[in-house]
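The structure appears right after this line, and notes come after that.
The values are calculated or read from the model by the stated rules, or taken from the named source; none is laboratory data. Just so you know, these numbers come straight off a predicted model, no measurement behind them. For neighbour counting, all protein chains shown are included, and Cβ atoms are generated from backbone atoms with ideal geometry for every residue, glycine included.
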Amino acid sequence: MEDIFNQIKVFFEQNPSYAYLLLSIVFLIMAIGNFKNRDWAIDPANSTQKLNYEIFGHNAFRFGKGLIYVLGFIVGFSAFIYSL
């Protein structure tokens, strides 16, 4: 198992553009889950997010997380295109 992780690490060190692509795909999946109102994409992860959820409410918290996910996707995909 350690050998597989080392191969993956070496691959991403040699091809950093694919790390950016992987990051952007993760942000895209989270953004789609957020827009479809899935619990795994919206639920607050820690006490600070729970406080923000209580202060701003479900819809505003969901909008804020969705905005962060979309911006993360745009930045990751732009970095992928730029690093080619």
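Name the one entry in Ile42, Ile68, Ile55 that is in contact with a Lys or Arg (Cβ under 8 Å, 6 or more places away or on another chain) and among the hydrophobic types (A, V, I, L, M, F, W, C).
The unique qualifying residue is Ile42.
Give just the number: which of (1) under 19 Å from the mean Cα position of the chain (by Cα); (2) at positive phi does Tyr20 not satisfy?
Answer for Tyr20: the failing condition is (2).
Check Phe61 against each of (1) within 27 Å of Ala19 (Cα to Cα); (2) in contact (Cβ under 8 Å) with a residue 12 or more places away in the chain and name the one condition it does not meet.
(1)
Hey, can you tell me all the residues within region 1-21 that are aliphatic (A, V, I, L, M), surrounded by fewer than 12 Cβ atoms within 10 Å (Cβ to Cβ) and at pLDDT 90 or above?
Listed by number, the residues that qualify are Ile4, Ile8, Val10.
Taking only region 37-84 into account, find how many residues are assigned to a helix (DSSP H, G or I) and either among the small types (Gly, Ala, Ser) or in contact with a strand residue (DSSP E or B) (Cβ under 9 Å, 6 or more places away or on another chain) (or both).
11
Assess whether Arg62 counts as being among the charged types (D, E, K, R) and surrounded by 14 or more Cβ atoms within 10 Å (Cβ to Cβ).
yes
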